[in-house]
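Peer 1: Sharing a structure with you now.
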Amino acid sequence: MKDRTAADWEELARREPYFPVLTDEGVRDVDFLKTGEEDIVVLLAAIASLLGRDPLLATALDFGCGAGRLTLPLARRAPRVVACDIAPTILEHARQNAHEAGLHNVTFIETGELAGLPDAQFDFVCSLLTFQHIPPAEGYGLMRTLLRLLAPGGVAALQLTLEPSGGGLQRLARMLHTSRFVHRVMPHDIRRPSWMQVNAYDERIVNRILAEAGASLVGRFSTTEGDTAGTVLVIEKRQLDAD
């Protein structure tokens with residue numbers, strides 16, 4: 001990530017650490033942590049429906065963890081969780097939330113530390129409402145890193161905004177309400193910083209990254225009403241061939 005982007009996110013974390021979950025009155029949503037639990041329940045159920053089994057949750061990575069909305073419910077299910085974000089201040093909020101919840105199995109790291117982690121560290125990688133704020137030129141590299149860290153047989157759930165392709169996006173069978181995750185974003189009357197772009201990704205490049213990583217797309221579902229909006233990609237990394 002560029003230094004300017006990191007500095008911008010750090011400034012935002014200092015001013016408004018809970019900006020994605022502000023109420024219409026501009027204050028922190030008291031159900032902030034509850035929404036994370038709800039989203040993880042729905043996400044894991046969707047993945048189980050696609051795989052025909054529950055995903056393994058021995059080690060999990062929450063990329064773009066923010067203040068820990070998804071980190072905490074993951075830590076209640078996985079023995080080991082790593083939570084990653086670009087802003088040190090927001091990581092302090094996440095660390096405090098985990099401490100208050102009595103969860104001591106979470107390690108907090110900054111985005112720049114991901115590259116130094118050994119391969120195949122995690123059997124579950126989760127990233128919701130994050131890549132849309134990362135320019136694709138940087139996001140594709142981060143995607144490669146996340147897939148490198150995914151263990152063979154592991155599953156990743158990555159939410160992206162995809163560029164329109166003309167054919168429409170496939171949806172998971174109607175078990176999910178289409179706006180289940182996207183309702184967590186900032187209300188329309190809360191002004192975003194001018195530098196906070198919503199970025200769309202080229203699906204052809206994403207597919208190429210998956211192939212290079214030995215991973216495949218097992219399913220996806222839309223997270224808004226429109227066919228060109230947010231999509232959660234459910235990705236599985238192939239098992240290593242036995243000798």
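Peer 1: Name the residue, out of Phe124, Phe108, that is farther than 25 Å from Ile209 by Cβ, at pLDDT 95 or above and not in a loop (DSSP other than H, G, I, E, B).
Peer 2: That would be Phe108, the only listed residue that is farther than 25 Å from Ile209 by Cβ, at pLDDT 95 or above and not in a loop (DSSP other than H, G, I, E, B).
Peer 1: Are any residues in region 106-135 farther than 17 Å from Asp85 by Cα and not hydrophobic (A, V, I, L, M, F, W, C), and if so, which ones?
Peer 2: Those that are farther than 17 Å from Asp85 by Cα and not hydrophobic (A, V, I, L, M, F, W, C): Pro118, Asp119, Gln121, Asp123.
Peer 1: Which residue out of Leu43, Leu91, Leu51, Leu56 is in contact with a Leu (Cβ under 8 Å, 6 or more places away or on another chain) and at negative phi?
Peer 2: Leu43
Peer 1: Does any residue in region 149-162 that is touching a residue at least 40 places away in the same chain (Cβ under 8 Å) come within less than 6 Å, Cβ to Cβ, of a residue that is part of a strand (DSSP E or B) and charged (D, E, K, R) six or more places away or on a different chain, and which pairs are these?
Peer 2: Leu150/Lys237; Ala151/Asp123; Pro152/Lys237; Gly154/Asp123; Gly154/Lys237; Val155/Glu236
Peer 1: Tell me which residues, restricted to region 101-113, are farther than 15 Å from Phe63 by Cα and exposed (fewer than 12 other Cβ atoms within 10 Å of the Cβ).
Peer 2: Gly102, His104
Peer 1: Among the residues of region 114-135, which ones are closer than 29 Å to Val198 by Cα and loosely packed, with under 12 Cβ neighbours inside 10 Å?
Peer 2: If the condition is that a residue be closer than 29 Å to Val198 by Cα and loosely packed, with under 12 Cβ neighbours inside 10 Å, then Ala115, Gly116 are the ones that fit.
Peer 1: Determine, yes or no, whether Val81 is β-branched (Val, Ile, Thr), under 15 Å from the mean Cα position of the chain (by Cα), farther than 18 Å from Phe108 by Cα and at pLDDT 90 or above.
Peer 2: So Val81 fails the test.
Peer 1: Please indicate, with yes or no, whether at least one residue in region 35-47 is at pLDDT 90 or above and either in a loop (DSSP other than H, G, I, E, B) or in contact with a Ser or Thr (Cβ under 6 Å, 6 or more places away or on another chain) (or both).
Peer 2: Within region 35-47, none of the residues are at pLDDT 90 or above and either in a loop (DSSP other than H, G, I, E, B) or in contact with a Ser or Thr (Cβ under 6 Å, 6 or more places away or on another chain) (or both).
Peer 1: So is Arg148 assigned to a helix (DSSP H, G or I) and closer than 15 Å to Cys65 by Cα or not?
Peer 2: no
The values are calculated or read from the model by the stated rules, or taken from the named source; none is laboratory data. Computed from a predicted model, the values in this text were never measured in an experiment. Positions of Cβ are generated from backbone atoms using ideal geometry, with glycine treated the same way; all protein chains shown enter the neighbour counts.
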